[in-house]
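Below: the structure, in structure tokens.
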Amino acid sequence: MNVTGHTRRSVSIRDVATAAGVSYQTVSRVINDHPSVKPSTRDRVLAAIDELGFRRNSTALALASGRSRAVTVLTSNTTHYGYASILQGIEEAARAAAYSVGVGVLESTDAADEAAIAGQVRRAADSGGGLIVIAYDPAGVRALGAVPPELPVVGVVETPASPPGDDRPWVWADDREAAYEATRHLLSLGHETVHYVAIPSSTRRTSARTTGWQQALREAGAPEPRPLQGSWGPAGGYAAGLKLAGKTDVTAILCGNDDLALGVIRALHEAGRSVPGEVSVAGFDDAPHSAYLTPSLTTVRLDFTGLGRSAFALLHGVLEESAQIAPHPVSVPELVVRESSGPPPARG
């Protein structure tokens, strides 16, 4: 089997089949270690694989198994820290399992056309394999709801209001517990209450983070200020911070993510209110920049990359028919106390 003169293009499973004088289905059986292949034929195929330098890729494995070794992720955002980290986790886990990953970016506005989103879901389904939907916003929730029942899918969702049934293939981080712990921390420092700047919810119900904040206040018998609705980025936090900065009774602020906290701190600085001397600020997610702000940010660490890995692992088990679908939380949040939180100012 002289391979002199071969170009440097990637060697395909059909190249191996031609060199070994067998069908590509036989090569697939050898790759998959199928017992029906004669030892002499197996040796011939393995020799061709070695001589050609063939490496199994997702296409070859799909031919071997009869299944597409591909996953499509549908998400409305690829840049925000949580979304991007989930994508990273999915890609890392998929690569280790020899799966390819495609990404479809959804229309993310509240007025997103449901028919357009359903069309994106159909196109993703046509590509074969399974789907992972990051459903942290209305577009993601609509996409998850539009997935045909016969298509393997896993949803990365906000903490559900109640335990979902086993037919809901969802994973989540416990946002409610994370917000609860962050609020308790601020109250334990002596603050009478904690104000809240919220990220948008995936649905029109109260988000899990807001629920956790409310629960901690109610258990402590603390006043429950009306939450301010922010956005996902620093500009939303800055706008909310300007509203709170002029209120001298505001001494502690919990933000729905670290980017909002960044904007809040800027607004407080411009208003001449020191952090944490006059106002304590806590964020959410423990984004990489949080430890390097001045002051460094107290926040809640959520393992989004691990969440992505878990989402792929659940889908992989379904695709390989080796695991049952079961919804489950993935990680326990960790409170990270840094410089931005402290006791309230002494009353004069």
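Summary of values
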read-out: Inter-residue pairs, beta-carbon under 7 Å, first on the phi > 0 side of the Ramachandran plot and touching a residue at least 60 places away in the same chain (Cβ under 8 Å) and in the range 119-136, second among the polar types (S, T, N, Q) and open to solvent by 10 Å² or more (accessible area, probe 1.4 Å), 6+ apart; value: G128/S68; G129/S68; G129/T72
read-out: Condition check for T206: touching a residue at least 24 places away in the same chain (Cβ under 8 Å) and either hydrophobic (A, V, I, L, M, F, W, C) or on the phi < 0 side of the Ramachandran plot (or both); value: no
read-out: Hits in the range 227-250 (condition: of a type in the set (V, I, T) and buried (at least 19 other Cβ atoms within 10 Å of the Cβ)); value: V250
read-out: Residue in the range 81-140 that is farthest from the chain's Cα centre (by Cα), counting only those that are of a type in the set (D, E) and farther than 21 Å from P200 by Cβ; value: D126
read-out: Among the residues listed as S10, S68, the single one being part of a loop (DSSP other than H, G, I, E, B), of a type in the set (S, T, Y), at pLDDT below 90 and surrounded by 16 or more Cβ atoms within 10 Å (Cβ to Cβ); value: S68
read-out: Number of positions in the range 172-186 that are touching a helix residue (DSSP H, G or I) at 6+ places or on another chain (Cβ under 7 Å), in contact (Cβ under 8 Å) with a residue 60 or more places away in the chain, open to solvent by less than 50 Å² (accessible area, probe 1.4 Å) and in a helix (DSSP H, G or I); value: 4
read-out: Every pair of residues 6+ apart whose Cβ atoms lie under 6 Å, when the first sits in the range 226-238 and is without any contact (Cβ under 8 Å) to a residue 40 or more places away in the chain while the second is basic (K, R) and surrounded by fewer than 22 Cβ atoms within 10 Å (Cβ to Cβ); value: Y238/R266
read-out: Yes/no for W213 being under 24 Å from the mean Cα position of the chain (by Cα), aromatic (F, W, Y) and surrounded by fewer than 23 Cβ atoms within 10 Å (Cβ to Cβ); value: no
read-out: Given (1) crowded, with 17+ Cβ neighbours inside 10 Å; (2) of a type outside the set (V, I, T); (3) in a helix (DSSP H, G or I), number of the condition S201 does not satisfy; value: (3)
read-out: Flag for D166 being closer than 25 Å to A208 by Cβ, crowded, with 19+ Cβ neighbours inside 10 Å and not aliphatic (A, V, I, L, M); value: no
read-out: Yes/no for T210 being outside any loop (DSSP other than H, G, I, E, B), in contact with a Pro (Cβ under 8 Å, 6 or more places away or on another chain), closer than 27 Å to T78 by Cβ and at pLDDT below 95; value: yes
read-out: Selection count, the range 244-266, where residues are part of a strand (DSSP E or B) and closer than 18 Å to S207 by Cα; value: 3
read-out: Count of residues meeting criterion [out of contact with any Ser or Thr (no Cβ under 8 Å at 6 or more places or on another chain), open to solvent by 10 Å² or more (accessible area, probe 1.4 Å) and either closer than 21 Å to G237 by Cα or in contact (Cβ under 8 Å) with a residue 40 or more places away in the chain (or both)] in the range 188-198; value: 3
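Residues are listed down the side, and each one gets a yes or a no for (1) among the hydroxyl-bearing types (S, T, Y); (2) outside any helix (DSSP H, G or I); (3) farther than 22 Å from A173 by Cα:
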| position | (1), (2), (3) |
| --- | --- |
| L242 | no, no, yes |
| H289 | no, no, no |
| S296 | yes, yes, yes |
| V300 | no, yes, no |
| G306 | no, no, no |
| G317 | no, no, no |
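The values are calculated or read from the model by the stated rules, or taken from the named source; none is laboratory data. It should be emphasised that the depicted structure is a prediction, and the values quoted were computed from it without experimental measurement. Because the Cβ atoms are built from the backbone with ideal geometry, glycine has one as well, and the counts that use them run over all protein chains shown. These area figures cover heavy atoms from the full protein model, side chains too; ligands, DNA and RNA do not enter into them. Shrake-Rupley method; radii C 1.70, N 1.55, O 1.52, S 1.80 Å.
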